[in-house]
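Take a look at the structure below.
The values are calculated or read from the model by the stated rules, or taken from the named source; none is laboratory data. These figures come from a predicted structure and were not determined experimentally. Keep in mind that these areas ignore ligands, DNA and RNA; they rest on the heavy atoms of the full protein, side chains included. Shrake-Rupley method; radii C 1.70, N 1.55, O 1.52, S 1.80 Å.
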Amino acid sequence: ELGSLAEHINRMASALESNEAKRRKIMADLSHELRTPLTVMRAEVEALIDGVRPLNQDSMRSIEAEIQHLNKLVEDLHQLALADSGDLRFHFAPLELDELIRQVATRMQARMQEARLQLKLDLPEAPVQLEADASRLTQVLENLLENSMRYTDAGGTVLLRLQAQSGLVRLSIEDSAPGVSDGHYEALFERLYREDKARSRAKGGSGLGLAICRTIVQAHRGEIGASASSLGGVKIDILLPTIATERASVRAQKKTTRAEGDA
(Lines give C-alpha, C1' and ligand atoms only; values in the text may rest on other atoms or scores of the structure.)
Protein backbone atom coordinates (compact mmCIF):
# COMPACT_ATOMS: atom_id res chain seq x y z
CA GLU A 1 0.00 0.00 0.00
CA LEU A 2 2.85 2.41 0.78
CA GLY A 3 4.45 1.58 -2.56
CA SER A 4 1.17 2.24 -4.36
CA LEU A 5 0.74 5.52 -2.47
CA ALA A 6 4.26 6.59 -3.39
CA GLU A 7 3.58 5.77 -7.03
CA HIS A 8 0.41 7.88 -7.01
CA ILE A 9 2.24 10.77 -5.36
CA ASN A 10 5.02 10.58 -7.96
CA ARG A 11 2.48 10.64 -10.79
CA MET A 12 0.70 13.59 -9.20
CA ALA A 13 4.00 15.46 -8.81
CA SER A 14 4.85 14.78 -12.47
CA ALA A 15 1.42 16.03 -13.56
CA LEU A 16 1.78 19.19 -11.47
CA GLU A 17 5.24 19.82 -12.90
CA SER A 18 3.93 19.32 -16.45
CA ASN A 19 0.99 21.67 -15.83
CA GLU A 20 3.29 24.31 -14.40
CA ALA A 21 5.58 24.05 -17.44
CA LYS A 22 2.55 24.45 -19.74
CA ARG A 23 1.35 27.46 -17.73
CA ARG A 24 4.76 29.15 -18.02
CA LYS A 25 4.84 28.46 -21.76
CA ILE A 26 1.33 29.84 -22.29
CA MET A 27 2.17 33.00 -20.33
CA ALA A 28 5.39 33.48 -22.31
CA ASP A 29 3.59 32.91 -25.63
CA LEU A 30 0.72 35.17 -24.60
CA SER A 31 3.02 38.04 -23.60
CA HIS A 32 4.81 37.66 -26.94
CA GLU A 33 1.53 37.66 -28.87
CA LEU A 34 0.34 40.81 -27.10
CA ARG A 35 3.71 42.54 -27.43
CA THR A 36 3.96 42.07 -31.20
CA PRO A 37 0.97 44.21 -32.35
CA LEU A 38 1.66 46.78 -29.62
CA THR A 39 5.28 47.13 -30.79
CA VAL A 40 4.18 47.54 -34.41
CA MET A 41 1.58 50.17 -33.48
CA ARG A 42 4.11 52.07 -31.35
CA ALA A 43 6.61 52.10 -34.22
CA GLU A 44 3.92 53.29 -36.63
CA VAL A 45 2.79 56.11 -34.33
CA GLU A 46 6.37 57.23 -33.61
CA ALA A 47 7.08 57.32 -37.35
CA LEU A 48 4.01 59.51 -37.85
CA ILE A 49 4.98 61.85 -34.99
CA ASP A 50 8.57 62.18 -36.26
CA GLY A 51 7.37 62.85 -39.80
CA VAL A 52 9.09 59.75 -41.18
CA ARG A 53 5.77 58.53 -42.55
CA PRO A 54 3.00 60.75 -43.88
CA LEU A 55 -0.36 60.74 -42.11
CA ASN A 56 -2.62 59.23 -44.77
CA GLN A 57 -5.10 56.39 -45.27
CA ASP A 58 -2.38 53.79 -45.83
CA SER A 59 -0.72 54.49 -42.49
CA MET A 60 -4.10 54.48 -40.72
CA ARG A 61 -5.02 51.14 -42.35
CA SER A 62 -1.77 49.62 -41.11
CA ILE A 63 -2.53 50.66 -37.53
CA GLU A 64 -6.15 49.54 -37.86
CA ALA A 65 -5.02 46.07 -38.99
CA GLU A 66 -2.86 45.68 -35.87
CA ILE A 67 -5.75 46.86 -33.66
CA GLN A 68 -8.05 44.27 -35.26
CA HIS A 69 -5.45 41.55 -34.66
CA LEU A 70 -5.15 42.61 -31.01
CA ASN A 71 -8.94 42.70 -30.58
CA LYS A 72 -9.26 39.21 -32.06
CA LEU A 73 -6.62 37.85 -29.69
CA VAL A 74 -8.28 39.43 -26.64
CA GLU A 75 -11.74 38.16 -27.69
CA ASP A 76 -10.42 34.62 -28.21
CA LEU A 77 -8.77 34.69 -24.79
CA HIS A 78 -12.05 35.90 -23.28
CA GLN A 79 -13.91 32.98 -24.89
CA LEU A 80 -11.41 30.47 -23.49
CA ALA A 81 -11.52 32.08 -20.05
CA LEU A 82 -15.32 31.72 -20.05
CA ALA A 83 -14.97 28.07 -21.09
CA ASP A 84 -12.43 27.35 -18.34
CA SER A 85 -14.69 28.89 -15.70
CA GLY A 86 -17.78 27.09 -17.02
CA ASP A 87 -19.45 30.38 -17.99
CA LEU A 88 -19.54 29.80 -21.75
CA ARG A 89 -23.30 29.73 -22.36
CA PHE A 90 -25.06 27.35 -24.73
CA HIS A 91 -28.67 27.33 -25.94
CA PHE A 92 -29.52 23.90 -27.34
CA ALA A 93 -32.45 23.49 -29.72
CA PRO A 94 -33.37 21.28 -32.71
CA LEU A 95 -31.22 22.29 -35.66
CA GLU A 96 -30.84 21.21 -39.29
CA LEU A 97 -27.07 21.15 -39.63
CA ASP A 98 -27.06 20.90 -43.43
CA GLU A 99 -29.04 24.14 -43.72
CA LEU A 100 -26.73 25.89 -41.27
CA ILE A 101 -23.72 24.80 -43.35
CA ARG A 102 -25.32 26.19 -46.53
CA GLN A 103 -25.93 29.55 -44.84
CA VAL A 104 -22.36 29.84 -43.55
CA ALA A 105 -20.91 28.76 -46.92
CA THR A 106 -23.00 31.36 -48.73
CA ARG A 107 -21.69 34.12 -46.47
CA MET A 108 -18.07 32.96 -46.88
CA GLN A 109 -18.26 32.41 -50.65
CA ALA A 110 -17.32 35.96 -51.68
CA ARG A 111 -14.25 36.03 -49.41
CA MET A 112 -13.19 32.61 -50.67
CA GLN A 113 -13.34 33.92 -54.22
CA GLU A 114 -11.27 36.96 -53.24
CA ALA A 115 -8.64 34.55 -51.85
CA ARG A 116 -8.85 32.63 -55.15
CA LEU A 117 -10.12 29.49 -53.47
CA GLN A 118 -12.91 27.18 -54.55
CA LEU A 119 -15.36 26.25 -51.79
CA LYS A 120 -17.15 22.94 -52.44
CA LEU A 121 -20.04 21.41 -50.49
CA ASP A 122 -20.89 17.71 -50.25
CA LEU A 123 -24.15 17.51 -48.29
CA PRO A 124 -26.77 14.74 -48.02
CA GLU A 125 -30.17 15.27 -49.61
CA ALA A 126 -32.08 14.40 -46.43
CA PRO A 127 -32.02 16.94 -43.55
CA VAL A 128 -29.54 16.22 -40.75
CA GLN A 129 -31.01 17.15 -37.37
CA LEU A 130 -29.18 17.80 -34.11
CA GLU A 131 -29.80 19.22 -30.66
CA ALA A 132 -27.25 22.03 -30.84
CA ASP A 133 -26.47 25.68 -30.27
CA ALA A 134 -26.72 27.22 -33.75
CA SER A 135 -24.61 30.29 -32.95
CA ARG A 136 -21.80 28.21 -31.40
CA LEU A 137 -21.69 25.75 -34.32
CA THR A 138 -21.66 28.75 -36.67
CA GLN A 139 -18.64 29.98 -34.73
CA VAL A 140 -16.92 26.61 -35.26
CA LEU A 141 -17.66 26.56 -38.99
CA GLU A 142 -16.51 30.14 -39.50
CA ASN A 143 -13.31 29.51 -37.51
CA LEU A 144 -12.45 26.43 -39.56
CA LEU A 145 -13.25 28.04 -42.91
CA GLU A 146 -11.28 31.13 -41.88
CA ASN A 147 -8.27 28.92 -41.13
CA SER A 148 -8.53 27.22 -44.50
CA MET A 149 -8.86 30.57 -46.24
CA ARG A 150 -5.79 31.97 -44.47
CA TYR A 151 -3.42 29.08 -44.90
CA THR A 152 -4.42 27.44 -48.20
CA ASP A 153 -2.41 28.50 -51.26
CA ALA A 154 -4.28 30.55 -53.86
CA GLY A 155 -5.89 28.46 -56.56
CA GLY A 156 -6.65 25.69 -54.07
CA THR A 157 -9.82 23.98 -52.86
CA VAL A 158 -11.74 23.83 -49.59
CA LEU A 159 -14.18 20.92 -49.27
CA LEU A 160 -16.91 20.83 -46.64
CA ARG A 161 -18.59 17.41 -46.32
CA LEU A 162 -21.46 16.26 -44.09
CA GLN A 163 -22.31 12.58 -43.59
CA ALA A 164 -24.99 10.99 -41.42
CA GLN A 165 -23.83 7.73 -39.82
CA SER A 166 -25.41 5.39 -37.26
CA GLY A 167 -26.33 7.71 -34.42
CA LEU A 168 -23.63 10.20 -35.41
CA VAL A 169 -23.00 13.04 -37.81
CA ARG A 170 -19.56 13.46 -39.37
CA LEU A 171 -18.64 16.96 -40.49
CA SER A 172 -15.30 17.36 -42.23
CA ILE A 173 -13.49 20.39 -43.63
CA GLU A 174 -10.40 19.73 -45.70
CA ASP A 175 -8.23 21.91 -47.86
CA SER A 176 -5.41 21.68 -50.38
CA ALA A 177 -1.71 22.38 -49.81
CA PRO A 178 0.16 23.30 -47.73
CA GLY A 179 -0.26 20.65 -45.06
CA VAL A 180 1.12 20.07 -41.58
CA SER A 181 4.15 17.99 -40.61
CA ASP A 182 3.42 14.48 -39.36
CA GLY A 183 3.06 14.32 -35.59
CA HIS A 184 1.80 17.91 -35.31
CA TYR A 185 -1.91 17.38 -35.94
CA GLU A 186 -2.96 16.97 -32.29
CA ALA A 187 -0.87 20.00 -31.32
CA LEU A 188 -3.01 22.19 -33.61
CA PHE A 189 -5.66 22.27 -30.86
CA GLU A 190 -3.24 23.54 -28.21
CA ARG A 191 -3.61 27.15 -27.19
CA LEU A 192 -1.33 29.59 -29.01
CA TYR A 193 0.23 26.75 -31.02
CA ARG A 194 1.51 27.53 -34.49
CA GLU A 195 3.63 25.21 -36.58
CA ASP A 196 5.10 28.14 -38.50
CA LYS A 197 4.87 31.12 -36.15
CA ALA A 198 6.14 33.78 -38.55
CA ARG A 199 3.83 32.66 -41.36
CA SER A 200 0.82 32.32 -39.08
CA ARG A 201 1.28 35.74 -37.55
CA ALA A 202 1.56 37.30 -41.01
CA LYS A 203 -1.75 35.66 -41.88
CA GLY A 204 -3.43 37.17 -38.81
CA GLY A 205 -4.15 34.01 -36.83
CA SER A 206 -4.22 34.10 -33.02
CA GLY A 207 -3.43 30.42 -32.47
CA LEU A 208 -6.59 30.07 -30.35
CA GLY A 209 -9.32 29.34 -32.91
CA LEU A 210 -8.98 25.55 -32.90
CA ALA A 211 -8.81 25.44 -29.09
CA ILE A 212 -12.14 27.30 -29.01
CA CYS A 213 -13.58 24.90 -31.61
CA ARG A 214 -12.61 21.91 -29.46
CA THR A 215 -14.29 23.45 -26.40
CA ILE A 216 -17.53 24.04 -28.31
CA VAL A 217 -17.57 20.57 -29.92
CA GLN A 218 -16.95 18.85 -26.57
CA ALA A 219 -19.83 20.84 -25.04
CA HIS A 220 -22.01 19.24 -27.75
CA ARG A 221 -20.83 15.77 -26.60
CA GLY A 222 -18.78 15.53 -29.78
CA GLU A 223 -15.20 14.93 -30.85
CA ILE A 224 -12.86 16.88 -33.12
CA GLY A 225 -9.54 15.84 -34.63
CA ALA A 226 -7.10 16.70 -37.40
CA SER A 227 -5.34 14.57 -40.01
CA ALA A 228 -3.78 14.79 -43.46
CA SER A 229 -6.18 15.71 -46.25
CA SER A 230 -6.35 13.82 -49.53
CA LEU A 231 -6.33 17.27 -51.16
CA GLY A 232 -2.82 17.92 -49.81
CA GLY A 233 -3.64 20.11 -46.82
CA VAL A 234 -5.32 19.55 -43.45
CA LYS A 235 -8.56 17.71 -42.70
CA ILE A 236 -10.63 18.54 -39.61
CA ASP A 237 -13.17 15.87 -38.60
CA ILE A 238 -16.05 16.59 -36.20
CA LEU A 239 -18.32 13.85 -34.82
CA LEU A 240 -21.61 14.91 -33.23
CA PRO A 241 -24.50 12.83 -31.85
CA THR A 242 -27.85 12.99 -33.64
CA ILE A 243 -31.07 14.00 -31.87
CA ALA A 244 -32.06 10.36 -31.24
CA THR A 245 -28.67 9.54 -29.72
CA GLU A 246 -28.67 12.68 -27.60
CA ARG A 247 -32.17 12.00 -26.23
CA ALA A 248 -31.26 8.39 -25.47
CA SER A 249 -28.22 9.61 -23.53
CA VAL A 250 -30.38 12.05 -21.54
CA ARG A 251 -32.92 9.28 -20.75
CA ALA A 252 -30.11 6.97 -19.59
CA GLN A 253 -28.74 9.69 -17.31
CA LYS A 254 -32.20 10.28 -15.83
CA LYS A 255 -32.65 6.54 -15.18
CA THR A 256 -29.24 6.37 -13.49
CA THR A 257 -30.07 9.39 -11.32
CA ARG A 258 -33.47 7.93 -10.39
CA ALA A 259 -31.92 4.53 -9.51
CA GLU A 260 -29.30 6.22 -7.32
CA GLY A 261 -32.07 8.18 -5.58
CA ASP A 262 -34.09 5.02 -4.93
CA ALA A 263 -31.02 3.30 -3.57
(request) Could you tell me whether residue 171 is assigned to a helix (DSSP H, G or I), under 22 Å from residue 212 (Cα atoms) and open to solvent by less than 30 Å² (accessible area, probe 1.4 Å)? (result) no
(request) Inspect segment 209-228 for any residue being part of a loop (DSSP other than H, G, I, E, B) and modelled with pLDDT under 85 and give the result as yes or no. (result) no
